[in-house]
Amino acid sequence: MKKNTTIYDIAKALNITVSTVSRALNGFPAISENTRRLVAETAKKLNYSPNRLASALKSGKTFIVGVIVPSIQSHFFASVIHSIEEGLKDSGYRIILYQSNELLENEIKGVKTLLEAQVDGIIASLSLGTEDDISHFQGIIAQHKPLVLFDRISTRLKVPTVTLNDFNAGFLAAQHLIDQGYKKIAFITTAQPIKTFTDRLEGYREAMKVNQLPIDPDHIVFGGLSIKDGRYGAAKLLRAETIPEAIITADDYTALGVLKKLKEVNEIPPKIGLIGFSNEAFSAYISPALSTVDQHPNLMGRGCAELFLQMIKKNHPYDDICHLVLEPTIIKRQSSNV
């Protein structure tokens with residue numbers, strides 16, 4: 001069998017020390033640009049591939065971070081992932097991505113798979129199926145590996161987090177509709193007790209209370225988060241004794257389902273106002289364009305990377321736990337513009 005090229009072969013070919021080759025390949029600033037270029041060219045010519053396992057055994061680090069998200073189809077989560085990658089790359093870290101598809105069993109498998117891959121830490125957003133069972137995440141903490149949660153979190157896990165001020169987001173979404181003149185406002189959200197969504201609902205309730213507007217119990221619909229669930233929720237609201245004047249949905253996909261149903265019965269917004277969450281890529285291009293709450297995924301991703309890099313430098317990663325809270329922004333479009 002052909003012997004794999006090592007850094008010793010590169011050093012011999014260029015007549016330089018092995019340590020110089022190692023430093024050049026790892027981007028040490030003390031190495032000149034010319035040397036880095038020569039080493040890179042020679043490594044390519046000799047088909048050199050770094051032995052990550054050997055490096056990990058020597059340093060105790062793989063320089064790989066596991067990222068678990070509910071779905072990569074969401075523009076929001078895709079943007080967070082991109083920003084995590086950008087925030088980590090200058091420190092030499094790469095990511096392995098795992099999606100739970102909103103199922104607890106997949107999330108558990110994801111944590112197990114990533115830990116078996118010897119990742120240096122995990123950054124995750126909880127699935128809708130994650131309720132009481134958080135033992136898989138507690139296992140990460142028990143191994144003293146960094147765990148950062150973002151967007152969907154559990155307050156029972158004492159770890160760094162990056163979240164939106166979801167209470168304020170729910171309040172602002174409702175207040176925007178109230179300012180537009182809507183009074184009978186409904187809310188469609190998930191039945192799962194995830195803090196992100198319960199906080200949004202409580203923010204809506206507070207806005208209605210502050211503005212002395214009653215909430216019809218039939219105007220709060222619990223289900224899932226999908227186009228299908230949006231259609232179901234809208235149909236249920238349209239059958240209510242009092243039809244709402246406007247609807248808030250817990251995400252943009254649910255809002256899209258609501259819009260489809262409203263179009264079927266010729267109740268197109270802003271006849272019934274509509275606002276969602278996440279500022280998904282499609283929200284600006286559907287008709288009417290969807291008002292939404294921007295959760296600032298780029299800032300969220302960068303925040304996750306920063307918290308991870310802070311943790312990895314500590315002897316005890318969970319000393320001085322930090323929580324970053326981002327403020328939401330309302331993006332006003334046609335669907336809520338009376």
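Are any of the residues in region 309-330 in a helix (DSSP H, G or I) and either more than 21 Å from the chain's Cα centre (by Cα) or under 25 Å from residue 71 (Cβ atoms) (or both)?
no
Which one of the conditions (1) over 30 Å from residue 191 (Cβ atoms); (2) modelled with pLDDT of 90 or more; (3) assigned to a helix (DSSP H, G or I); (4) under 31 Å from the mean Cα position of the chain (by Cα) does residue 38 fail to meet, given that it meets all the rest?
Unmet for residue 38, out of (1) over 30 Å from residue 191 (Cβ atoms); (2) modelled with pLDDT of 90 or more; (3) assigned to a helix (DSSP H, G or I); (4) under 31 Å from the mean Cα position of the chain (by Cα): (4).
Here are some residues: 172, 126, 149. Which one is out of contact with any helix residue (DSSP H, G or I) (no Cβ under 7 Å at 6 or more places or on another chain), closer than 30 Å to residue 63 by Cα and not in a strand (DSSP E or B)?
126
Scan region 269-295 residue by residue and report those that are crowded, with 23+ Cβ neighbours inside 10 Å, more than 15 Å from the chain's Cα centre (by Cα) and in a loop (DSSP other than H, G, I, E, B).
Scanning region 269-295 gives 269, 272, 290.
List pairs: first in region 78-90 and under 17 Å from residue 147 (Cβ atoms), second part of a helix (DSSP H, G or I) and of a type in the set (Phe, Trp, Tyr), Cβ under 9 Å, 6+ apart or cross-chain?
84/308; 87/308; 88/308
Within region 247-259, is even one residue under 30 Å from residue 158 (Cβ atoms) and buried (at least 24 other Cβ atoms within 10 Å of the Cβ)?
Yes.
Applying the selection to region 137-153, what residues are touching a residue at least 24 places away in the same chain (Cβ under 8 Å) and surrounded by fewer than 19 Cβ atoms within 10 Å (Cβ to Cβ)?
Within region 137-153, 139, 141, 143, 144 meet the criteria.
Out of 179, 252, report the one residue that is in contact with a Gly (Cβ under 6 Å, 6 or more places away or on another chain), of a type outside the set (A, V, I, L, M, F, W, C) and under 19 Å from residue 337 (Cβ atoms).
252
Has region 197-207 got any residue that is outside any helix (DSSP H, G or I) and in contact (Cβ under 8 Å) with a residue 12 or more places away in the chain?
No: zero hits.
Which condition breaks for residue 320 when tested against (1) at positive phi; (2) in the same structural domain as residue 67 (by TED's automatic domain parsing); (3) touching a helix residue (DSSP H, G or I) at 6+ places or on another chain (Cβ under 8 Å)?
Only one criterion is unmet by residue 320, namely (3).
Take the residues in region 220-237 that are touching a residue at least 24 places away in the same chain (Cβ under 8 Å) and more than 23 Å from residue 101 (Cα to Cα); name whichever of them is surrounded by the most Cβ atoms within 10 Å (Cβ to Cβ).
Residue satisfying both the conditions and the ranking: 234.
The values are calculated or read from the model by the stated rules, or taken from the named source; none is laboratory data. All values reported here derive from a predicted model rather than from experimental measurement. Reconstructed Cβ throughout: ideal geometry from the backbone, glycine too, with neighbour counts over all protein chains shown.
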